[in-house]
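Notes follow once the structure below has been shown.
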Amino acid sequence: MGLYCDVALPLPLDQTFTYAVNGVVPVVGARVLVPFSGQKLMGVVVRVHEDAPVEEFEIKPVQQVLDEVALLPDELMKLAEWIASYYVAPLGEVLRGMLPLAAEVKRHFSYRIAEAGRRVLYEGAEKGSSRRSKLTAEEQNREYAVLNYLESGEQAKMSALRSATGANKGLLEGMVRKKWLVREAVAEERDARRLEKVAVLMGSQLSDVSSQRESGDLLRTENGELTTQARLPRLNENQLAVMAELAAVGGRMRMGDLRITLTRAGVPLSTLGTLMKRGLVGIEEVAEKFHLGGISARGKKHAHEHALNEAQMEALGTIAAAMDKGGFRPHLLYGITGSGKTTVYFAAMRRALDAGKSALLLVPEIGLTPAMAVQMYAAFEGEVAMLHSQLTPDERAEQWHRTRRGEARIVVGTRSAVFAPMVNLGLIIVDEEHDSSYKQEETPRYHGRDVAVMRAKLNEAVVVLGSATPSLESWANADKGRYARVEMRERVMERPLPVVELVDMRAEFRETGQEQIFSRKLIEETQLTLDRGEQVILLLNRRGYSTVVMCRSCGEKIECENCAISMTYHKKVSDNDAIAQPGQRLECHYCGFRRAVPKVCPKCESEHLYFLGAGSQQGEERLQELFPAARIGRMDRDTVRGRSDMERLLARLHGGEINLLVGTQMIAKGHDIHGVTLVGVVGADFQLGLPDFRAAERVFQLLTQVSGRAGRGDLPGKVLVQTYHPDHYAIQFAATHDYPGFVAKEMNYRRWMHYPPFAVLANVLIQSEKLEEATAWAGTLGRWFQLARLDKVRVLGPAAAPIVRLKRIYRFHFVLKAERRQALGSTLRAMLAYAETQGIARRNLVVDVDAVHLM
Ligand code: ADP
Ligand code: ZN
Ligand code: ZN
């Protein structure tokens, strides 16, 4: 009697695969390497059994068992199964997302000679190389060298081919395209020691490079003597800049940091290569220390240092009582901006630790709120592990193992940290639970908040969802009594909420006769605020300079080549800008495609191109004209890219070095800057026009969150909202800080329209690079939905998706609505089964249960 195991593989297939156990018997939850159609893949064992499979084809053996004990604890295996079923996602893909250990099994490519390649090799050059070949003679020779090397038929790794023949990846890929070679993915185990590269200044005589930079020809040695340049080869300005950067920090710098520094200074990276060749800079590999940047408290108390006020005590009391009682208990903490939610979180986590349990804090994006991380370390020191996307795979693996071993009992992280292998989990907190970044926009398309609640259930733990603007879904759950509602309706220290004033931009246009980014009122208030020595934040929620480039003659907008999306104009950045950026260009914000700015319309060649719609870059430029004395900063995806950009910008803001900040919604995140007394909102209401039933909710949330940045210190705050829709209820309720009022109104609309939370919804995308294929498949499924006569599920579509083409893929969709989740799930599964019979590959169908974006 043989022994078998079922393995979930990271493939877009809704099934597991059976392998024969070969020697070591794996446990459920262990990783194994198994053969799969010519590749080696890593999967997770989900069942071990003796039921010989009945299929006629041969059952292959497991190649290697990677873990002696289950890598995933039982409750995470259960959670994975729940996600696979709830989100109609392949179990193997769910499990892959849970294991941060890709670093330990690295995939690489290897190459093998193909039939066509052999022919080329044997039949000689004339036939093999096309006469029109663009390759140089040298490249052609190299191709032959590769074919020769692979002649035996064995596969070889790219690195081996490179050192044997000098072929690079581009050349090899070209040969794959010509079908001379086949490429195969191979999984290979790797040692997860964490090494990092450090650039080191070589030679002690270079201890003060900057002096040569100033004097041009002299250099001071270590013992203070001046030497002439003879000892140092002549260096150009860029080379000196690199050397000076290194010298300034004691001669050593992490490569990652150096790269960022150089980019910023506009020094090409090749300069570093030149210096290495000349032996002036060396590279060392050293064991990496876990790095956490951070901004200091700047005189403010840390969250855990406050004595709780009454409302905080009450909130903590409810949560702590639930923890004492034990068992699964979900809470919705509705606390207005500035009510001190973080302090409650920390106190609750402390309680969990005191009770011998561990606690998990989920945040939307750690990089955007570095203060949270700093406060975590201040409060819990060595107990903390961090899990977020900015860690390298090796760092993530280390944090993961520390958690799994029970060394870190406090974990803070973004979405996927909900899978942290906590030991004895007692408490999960989801901060800003309404934030859409909790929704993963690729398979498995889970919602981190909802998974957190399910996880708490499986772990019999307490879960707290916190927000000043809870999602309607969570609010409805509280209404139904599923979640206990905890409220904090006042700001700490009796600070008032800011006064919100609306500026009607239609009237502004009538009165001034021109379209301006900033209204007269906002300009005046900004000036007054700056004059008082206070700080101003302006939200301009689009990045770039102009959001649309339109031809006046033919009316055509310039669209991305890959997407049905207007391209955004980015202006060349001035030299004194803090960050080096590419020059002027049109850019697609969906796929990153860039093109030069055309002088004439690509369609009709008219010269009348108009640049419309102001982005943050243009906002900044205009502010510089309006307030030449202001110290202006900008916060958007163009200025905040690396791990430390946000920290640096916030530090300058906290320190008062910046007194006028313009930016996209990043500026609305939980920043707690006490000097800000004026917040201006510019064009946040364009979102109201988007074809999405959550548009009003999003605008309300954004306005409330950004308003919440004003008046957090000793001085009261003020908010000016420029709008073309001053009567819209989302704007009106935001202006009066009336979340309950907004929710009541919005709930009516959702009920009426059968939208969540009064129905469950899934978005089904049909996608293909070929338009005909996408439309045909959409038609096929549309007919099936009709014939199936579903009475419990309403189907809208097929229709072109709001973005009909994205990254070269055509997209059509259906929206399914049902009263009951079960009906929705079974319909989706039946649809997938039917699609398979029609030859529609699973990867061409995206099933998005509880879709957050219908675009
Ligand atoms: P929220 O996340 O609810 O918007 P925070 O947790 O950021 O609010 O707290 C707002 C500010 O109030 C922070 O500066 C915090 O340090 C301070 N704070 C929190 N609790 C107290 C307290 N009990 N007494 C005084 N200040 C407090
Ligand atoms: Zn035109
Ligand atoms: Zn694009």
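The values are calculated or read from the model by the stated rules, or taken from the named source; none is laboratory data. What you see is a predicted model; the values in this text were computed from it and never measured. Here Cβ is always computed from backbone atoms with ideal geometry, including for glycine, and neighbour counts include all displayed protein chains.
Tabulated results
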read-out: Qualifying residues in the range 530-563 (those that are part of a strand (DSSP E or B) and within 25 Å of G711 (Cα to Cα)) - the one farthest from ligand 2 (Cβ to nearest atom); value: Q535
read-out: Total residues in the range 352-366, condition of a type in the set (G, A, S) and buried (at least 21 other Cβ atoms within 10 Å of the Cβ); value: 3
read-out: Complete set of residues in the range 17-51 that are part of a loop (DSSP other than H, G, I, E, B) and buried (at least 19 other Cβ atoms within 10 Å of the Cβ); value: V21, P26, G29, A30
read-out: Pairs with Cβ under 8 Å, 6+ apart, first in the range 584-612 and at negative phi and near ligand 3 (Cβ under 10 Å from one of its atoms), second assigned to a loop (DSSP other than H, G, I, E, B) and among the small types (G, A, S); value: E587/G544; H589/G544
read-out: Tabulated pairs, the range 814-827, first more than 9 Å from A762 (Cβ to Cβ) and without any contact (Cβ under 8 Å) to a residue 40 or more places away in the chain, second assigned to a strand (DSSP E or B) and not charged (D, E, K, R), C-beta under 8 angstrom, 6+ apart or interchain; value: A823/V793
read-out: Odd one out for W400, checked against (1) touching a residue at least 40 places away in the same chain (Cβ under 8 Å); (2) under 30 Å from L472 (Cβ atoms); (3) crowded, with 20+ Cβ neighbours inside 10 Å; value: (2)
read-out: Number of positions in the range 810-833 that are surrounded by fewer than 18 Cβ atoms within 10 Å (Cβ to Cβ) and more than 22 Å from P757 (Cβ to Cβ); value: 4
read-out: Residue tally, condition within 16 Å of the chain's Cα centre (by Cα) and outside any helix (DSSP H, G or I), over the range 374-411; value: 7
read-out: Tally of residues being over 13 Å from V281 (Cβ atoms) and not in a helix (DSSP H, G or I) across the range 250-265; value: 2
read-out: Out of V34, V69, sole residue that is among the β-branched types (V, I, T), in contact with a Gly (Cβ under 7 Å, 6 or more places away or on another chain) and touching a residue at least 12 places away in the same chain (Cβ under 8 Å); value: V34
read-out: Condition check for F593: modelled with pLDDT of 85 or more and within 16 Å of ligand 2 (Cβ to nearest atom); value: no
read-out: The one condition in (1) modelled with pLDDT of 95 or more; (2) touching a His at 6+ places or on another chain (Cβ under 9 Å); (3) assigned to a loop (DSSP other than H, G, I, E, B) that S474 fails to fulfil; value: (3)
read-out: Cβ-Cβ under 7 Å pairs, at least 6 apart or on other chains, the range 670-686 side closer than 12 Å to I537 by Cα, far side of a type in the set (S, T, N, Q) and in a helix (DSSP H, G or I); value: T677/T529; L678/T526; L678/T529; V679/S707; G680/T526
read-out: Tally, over the range 588-619, of residues that are assigned to a loop (DSSP other than H, G, I, E, B) and either within 16 Å of ligand 1 (Cβ to nearest atom) or under 24 Å from K669 (Cβ atoms) (or both); value: 4
read-out: Matching strands (runs of 3 or more DSSP E) fully within the range 266-373 where at least 1 residues are over 31 Å from the mean Cα position of the chain (by Cα) and at pLDDT 85 or above; value: 281-287
read-out: Search result, residues across the range 604-622 that are out of contact with any Lys or Arg (no Cβ under 9 Å at 6 or more places or on another chain) and surrounded by 19 or more Cβ atoms within 10 Å (Cβ to Cβ); value: none
read-out: Whichever residue in the range 466-487 is farther than 21 Å from T736 by Cβ and within 13 Å of ligand 1 (Cβ to nearest atom) and, among such residues, is surrounded by the fewest Cβ atoms within 10 Å (Cβ to Cβ); value: V486
read-out: From A651, A629, residue being more than 16 Å from ligand 2 (Cβ to nearest atom), over 19 Å from C560 (Cβ atoms), of a type in the set (G, A, S) and not in a helix (DSSP H, G or I); value: A629
read-out: Test: residue in the range 507-517 that is away from ligand 1 (no atom under 16 Å from the Cβ), under 32 Å from the mean Cα position of the chain (by Cα), within 15 Å of G683 (Cα to Cα) and surrounded by fewer than 18 Cβ atoms within 10 Å (Cβ to Cβ); value: no
read-out: Unique match (being away from ligand 1 (no atom under 16 Å from the Cβ) and within 15 Å of M567 (Cα to Cα)) among R622, R585; value: R585
read-out: Complete set of residues in the range 554-572 that are under 20 Å from A800 (Cα atoms) and either touching a residue at least 12 places away in the same chain (Cβ under 8 Å) or more than 14 Å from ligand 3 (Cβ to nearest atom) (or both); value: C560, E561, N562, C563, A564, I565, S566
read-out: Residues of the range 791-807 satisfying the condition of being crowded, with 18+ Cβ neighbours inside 10 Å and under 16 Å from A823 (Cβ atoms); value: V793, V795
read-out: Of all residues making up the range 163-183, the number that are in a helix (DSSP H, G or I) and either modelled with pLDDT of 85 or more or within 20 Å of Q39 (Cβ to Cβ) (or both); value: 9
read-out: Qualifying positions in the range 564-574 - within 29 Å of G266 (Cβ to Cβ) and either within 16 Å of ligand 2 (Cβ to nearest atom) or crowded, with 20+ Cβ neighbours inside 10 Å (or both); value: M567, T568, Y569, H570
read-out: Some residue of the range 721-730 being modelled with pLDDT of 95 or more, buried (at least 21 other Cβ atoms within 10 Å of the Cβ), in a helix (DSSP H, G or I) and on the phi < 0 side of the Ramachandran plot; value: yes
read-out: Any pair with Cβ under 9 angstrom, 6 or more apart, that starts in the range 152-176 at a residue that is without any contact (Cβ under 8 Å) to a residue 40 or more places away in the chain and ends at one that is part of a strand (DSSP E or B) and among the basic types (K, R); value: E173/R183
